[in-house]
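Scroll down for the structure; my scribbles are underneath it.
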Amino acid sequence: MAAGEYAVHFSQSVGDLDSRSCAILPSLADAESFAHEQVELHPALLSRIFDHHGFVGAPALEVAGKAYKGHNDITPRFRRWVGSLLFFTGSILFVTDWVADFRFDWPSVLGSRLMIPGLILLVTEALVMLHNRRKLAGLGAGNAVAAKR
């Protein structure tokens, strides 16, 4: 794909379109109209529009049909919010019991149990973001090398 082109990827489709199908269009406006047309024809379809960088980062646009059931992925937003909530709530409970010389015990026990899954979600999100940035930087360097040739 060249810069300025957009790919429309389909998933959970009906008929001849499947999750491996993709259409390359010359502009975002063309890609949007094509995605809306396909979703009207196939209500169980999800169309995602990506720029020339591909799957790096969020799609430029997502169009879901009325019969689309959704997907079960944990979204980055969920990982950030729930991870932060669990981690910082657990930290507050743990520090509260620590300041009280562990008199109560239950805040530190509950806090430590909340901090661990929160930390796992936050570290997972950080690693995903780092991977996406490195992948995007690699694509940018590859384009610079290709332009010099």
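Where a number appears in this text, it was derived from the coordinates with a stated rule and is not lab data. Just so we're clear, the structure is a prediction, and the values are computed from it rather than from any experiment. Here the Cβ positions follow ideal geometry from the backbone for every residue, glycine too, while neighbour counts run over all protein chains shown.
Descriptive notes on the structure:
- For V39, net neighbour charge (Lys/Arg +1, Asp/Glu -1) across residues whose Cβ lies under 13 Å away: -2
- Net +/- balance of residues flanking A126 in space, Cβ distance below 12 Å, scoring K and R +1, D and E -1: +2
- For segment 76-148, the residue among G83, M115, L130 whose Cα projects farthest onto the positive side of the dipole built from Cβ charges is L130.
- L85-R133 FRET efficiency (beta carbon distance; Förster radius 22 Å; 0.05 resolution): 0.35
- Förster radius 30 Å - calculated FRET efficiency between I74 and E5, Cβ distance, rounded to 0.05: 0.50
- Summing +1 for each Lys or Arg and -1 for each Asp or Glu among the other residues whose beta-carbon sits under 14 angstrom from that of L28 gives -4.
- Arranged from fewest to most other beta-carbon atoms within 10 Å of their beta carbon, D30, D97 become D30, D97.
- Residue order for S84, S108, fewest other beta carbons within 10 angstrom first, comes to S84, S108.
- Potential lengthening between F102 and A29 on full extension [0.36 nm per residue; Cα-Cα distance subtracted]: 20.2 nm
- Take every Cα pair under 8 Å whose residues are at least 6 apart in sequence, average their separation, divide by the length of segment 82-136, and the relative contact order is 42 percent.
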